[in-house]
Amino acid sequence: MSAQLKPLVWQPTMEYASNYEKVPFKVYTQRDLDRIEPLVRLSDEQRFEMKVVSTVLPFRVNQYMIDELIDWRNIPADPIFQLTFPQRGMLKPEHFDRVATLIRDGAGKVELDAAVNEIRLELNPHPADQMEMNMPRDEAGNRLDGIQHKYRETVLFFPSQGQTCHSYCTFCFRWAQFVGDKDLRIASSEAESLHAYLQAHPEVTDLLVTGGDPMVMKAKHLAGYLEPLLRPEFDHIQTIRIGTKALTFWPHRFLGADDADDLIRLLERLVEAGKQVAVMAHYNHWKELDTEAAQAAIRRVRGTGAVIRAQGPLIAHINDDPAVWARMWKLQVKLGIVPYYMFVERDTGARHYFEVPLVRAWQIYREAMQQVSGLARTARGPSMSASPGKVEIQGVTEVAGEKVLALRFIQGRNPDWVQRPFFAKYDEQASWLNHLVPAFGEERWFWQDEYDAIRNEKVSVAKN
Ligand SMILES: *Cc1c(COP(=O)(O)O)cnc(C)c1O
Ligand code: SF4
């Protein structure tokens, strides 16, 4: 591009001196449960239950969520209340009773922590073999903390300052990162190792910065990771994706926050320099898009030239209803957001409470799709992020007289698996890939042998 069309030194085209309202960020955790004003309408027993559950599972909610997103006339059924506040059923009865008894008996910290740790380890803190199979190593065989590289084109990066969120989702599969156990965390403060890794991997086109939520970081920290990517040695990194729920949990991050203008300028600068910036926004319900602040933040982010793509899991008690998805996708399209993925809830944490069987998930997806225009049919799913890859349920059908589930890989550890249809025996209860068996009496999946070989190799390296 010629110099006239593209200045070599980026200059701000606009001085913002932000005129957005400065709303203070106020957050509550387990210790503050008794200070959350609308909870006074609950019974003592209900508040105690919340305390028990949040001893095991992370809890964090901010004032914006309390004031603007939860409909307090409709608790406990309100979907945003279910999204953020602990509910008794999220712990299995034996786990609940164990912790409740300890708290009632005034157990000491050491005893309580030991019980809580045991329970957490039973909740599959690192689903889909993340620890053993996605963490790359350098030539010396050292694990590169904070980097995951599972699919050829896309590297995931977990900046250490971004390992929290403005609120927590009760169903979060990253929950192990928030509960303070160092061994359970996946993080890095090493911009250098990220940049060295990307430079050494010209096949990578996408960097996905994730967490937690990278938008909790100061703009200057985010810039420290991202601006170096504008140098010519990173030309192969075409797309910078930022995974976030801040457009829901704290839209003021993009409006009146202290460094909101810096963040907006950073996004503009990346776009101006020729990167595609994709804000991968996590949404579960149309209500999250339905406040003035949320819509103002969406407009402001889109104004930078970044594209907002929406993804989120299908969750019982929150959005297991086609009408909710149809309305959400329509509203996203109306606001200029591109629907991207509907995920199946992962096999971790409070899964027994949130899971939706695969057959039901497909019905919800299909019924929602039938209600929207083609521009909202860009959402793929329902998709399981399983260890071999992202597997989509394409539908229920009959082949040669056998009722089956048709599946395909959207992403695979081996790119050769992608887009090959395959079939599982029909099973109405199955809620994850490992519950399914191949159709037509076959012994193994077409990808099984290759997957086992990849897995054996990675796991044996991890053990050395
Ligand atoms: C989903 C995912 C990606 C990105 O996949 P796309 O289909 O390109 O969005 C990358 N890495 C991991 C580990 C993922 O789960
Ligand atoms: S926003 Fe994402 S990382 Fe944060 S709590 Fe929710 S699901 Fe977990």
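The values are calculated or read from the model by the stated rules, or taken from the named source; none is laboratory data. Computed from a predicted structure; not experimentally measured. Glycine also receives a Cβ, built like all others from the backbone with ideal geometry; neighbour counts cover every protein chain displayed.
Do we find that Thr248 is polar (S, T, N, Q), away from ligand 1 (no atom under 16 Å from the Cβ) and in contact (Cβ under 8 Å) with a residue 24 or more places away in the chain in this structure?
Yes; evaluated as a whole, the condition is true for this residue.
Considering every residue within the range 115-131, establish whether at least one is within 16 Å of ligand 1 (Cβ to nearest atom) and within 17 Å of His195 (Cβ to Cβ).
no
Does the range 230-263 hold any residues that are assigned to a loop (DSSP other than H, G, I, E, B) and basic (Lys, Arg), and which are they?
Arg231, Lys245
Across the range 446-460, which residue is modelled with the lowest pLDDT among those that are farther than 18 Å from Tyr151 by Cβ and within 28 Å of the chain's Cα centre (by Cα)?
So the residue we want is Val459.
Considering only the range 378-404, state which residues are within 26 Å of the chain's Cα centre (by Cα), at pLDDT 95 or above and aliphatic (A, V, I, L, M).
Ala379, Met384, Val391, Ile393
Return the residues of the range 340-374 that are farther than 12 Å from Leu314 by Cα and outside any helix (DSSP H, G or I); say none if nothing qualifies.
Passing the criteria: Tyr340, Asp347, Thr348, Gly349, Ala350, Gln370, Gln371, Val372, Ser373.
Tell me, please, whether a residue that is of a type outside the set (Ser, Thr, Tyr), farther than 21 Å from Ser431 by Cα, outside any loop (DSSP other than H, G, I, E, B) and in contact with a strand residue (DSSP E or B) (Cβ under 6 Å, 6 or more places away or on another chain) can be found in the range 286-297. So that I can check it myself, show each step before the final result.
The first filter runs over the range 286-297 and keeps only residues of a type outside the set (Ser, Thr, Tyr), leaving 286-290, 292-297.
So of that shortlist, the ones also farther than 21 Å from Ser431 by Cα come out as 286-290, 292-297.
Okay, now just the ones that are also outside any loop (DSSP other than H, G, I, E, B), so 286-289, 292-297.
Those still in the list that are in contact with a strand residue (DSSP E or B) (Cβ under 6 Å, 6 or more places away or on another chain) too: none.
So far as the range 286-297 goes, no, none of its residues is of a type outside the set (Ser, Thr, Tyr), farther than 21 Å from Ser431 by Cα, outside any loop (DSSP other than H, G, I, E, B) and in contact with a strand residue (DSSP E or B) (Cβ under 6 Å, 6 or more places away or on another chain).
Which is within 16 Å of ligand 2 (Cβ to nearest atom) and farther than 17 Å from His282 by Cβ, of Arg360, Arg351, Arg346? Let's see the steps before the verdict.
Working: Arg360 fails: within 16 Å of ligand 2 (Cβ to nearest atom); Arg346 fails: farther than 17 Å from His282 by Cβ.
It is Arg351.
State yes or no: is Ile318 within 18 Å of Ile80 (Cβ to Cβ) and outside any helix (DSSP H, G or I)?
So Ile318 fits the description; yes.
Hey, any hits in the range 206-218 for a residue that's within 16 Å of ligand 1 (Cβ to nearest atom), acidic (Asp, Glu), at pLDDT 95 or above and within 23 Å of the chain's Cα centre (by Cα)?
Yes - at least one qualifying residue is present in the range 206-218.
Return the pair list, or none, for Cβ contacts closer than 9 Å from residues in the range 384-396 that are within 18 Å of Asp416 (Cα to Cα) to residues that are of a type in the set (S, T, N, Q) and assigned to a strand (DSSP E or B), at least 6 apart or on different chains.
So the pair list comes out as Ser385/Gln411; Gly389/Gln411; Lys390/Ser383; Lys390/Gln411; Val391/Ser383; Val391/Ser385; Val391/Gln411; Glu392/Ser383.
In the range 282-315, what count of residues is obtained for those that are in contact (Cβ under 8 Å) with a residue 40 or more places away in the chain and acidic (Asp, Glu)?
The total comes to 2.
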